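What follows is one structure encoded as structure tokens, with my remarks underneath.
The values are calculated or read from the model by the stated rules, or taken from the named source; none is laboratory data. None of these values were measured; they are calculated from a predicted model. FYI the Cβ positions are ideal-geometry reconstructions off the backbone, even for glycines, and counts take in every protein chain you see. Please note that ligands, DNA and RNA were not included when accessible areas were found on the heavy atoms of the full protein model with its side chains. Shrake-Rupley method; radii C 1.70, N 1.55, O 1.52, S 1.80 Å.
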Amino acid sequence: MNRFHTLRREQWMARPLEEVFAFFSDARNLAELTPPWLGFRILTPGPVQIAAGTKLRYRLGWHGVPVSWTTEIRRWDPPFRFVDVQLTGPYRLWHHIHRFEARNGGTRMTDVVRYRLPFGAIGRAVHALKVRHDIEQIFDYRFRRIDELFGGARLPESK
């Protein structure tokens, strides 16, 4: 079965596009946006020059279970977009599009994550029972941290 789940989030920041993109394109800042309960650590020695083909290795803990994760930057289009995909890790599919656009005197960021768990029906059940909620909590935390760091988390009305 080729079923996957999608998470989509939008956020507006009261900062210029180039500044916002520079922050998100620095792999060291990922830890700043990840909830402490995940115990996230980047393993790739730094500084890391992000570009298409860059591979990043992480370690985190999911409910006490250590998880290793490797992603690759598949598309690099500064300052408008980049795409990372999981090469190894807990998901059967993890495809994360990060889009940025200058909007209303700041920057609108859109995240679209397509993901699928392994193990067929068991994976779908675990997703429904726990994983979907955890992913939403992770992105809720990220939203709050971005608001703290950049301000203006709500998308203002266009005039």
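Here's the yes/no breakdown for (1) within 26 Å of GLU19 (Cα to Cα); (2) over 13 Å from the mean Cα position of the chain (by Cα); (3) of a type in the set (Lys, Arg):
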site	(1), (2), (3)
LEU43	yes, yes, no
VAL48	yes, yes, no
TRP62	no, yes, no
GLU72	yes, no, no
PRO79	yes, yes, no
PHE82	yes, no, no
**Item:** Subset of the range 47-67 [in contact with a helix residue (DSSP H, G or I) (Cβ under 8 Å, 6 or more places away or on another chain) and farther than 20 Å from THR88 by Cβ]
**Value:** PRO47
**Message:** Take GLY105 and tell me if it is in contact (Cβ under 8 Å) with a residue 60 or more places away in the chain, over 17 Å from the mean Cα position of the chain (by Cα) and at positive phi.
**Reply:** yes
**Request:** Scan the range 51-66 residue by residue and report those that are of a type in the set (A, V, I, L, M, F, W, C) and closer than 18 Å to ALA27 by Cα.
**Result:** ALA51, ALA52, LEU56, LEU60
**Request:** Please enumerate the residues belonging to the range 12-47 that are open to solvent by less than 40 Å² (accessible area, probe 1.4 Å), part of a loop (DSSP other than H, G, I, E, B) and either within 21 Å of GLY151 (Cα to Cα) or without any contact (Cβ under 8 Å) to a residue 12 or more places away in the chain (or both).
**Result:** SER25, THR34, PRO35
**Request:** Report yes if ARG9 is outside any helix (DSSP H, G or I), in contact (Cβ under 8 Å) with a residue 40 or more places away in the chain and either farther than 22 Å from GLU136 by Cα or within 13 Å of the chain's Cα centre (by Cα) (or both), otherwise no.
**Result:** yes
**Item:** Selection within the range 36-80 - β-branched (Val, Ile, Thr) and within 19 Å of GLN137 (Cα to Cα)
**Value:** VAL65, VAL67
**Request:** Answer yes if at least one residue in the range 48-57 is open to solvent by 60 Å² or more (accessible area, probe 1.4 Å), assigned to a strand (DSSP E or B) and modelled with pLDDT of 95 or more, and no otherwise.
**Result:** yes
**Asked** What number of residues within the range 64-120 satisfy the criterion of being crowded, with 17+ Cβ neighbours inside 10 Å and small (Gly, Ala, Ser)?
**Response** 1
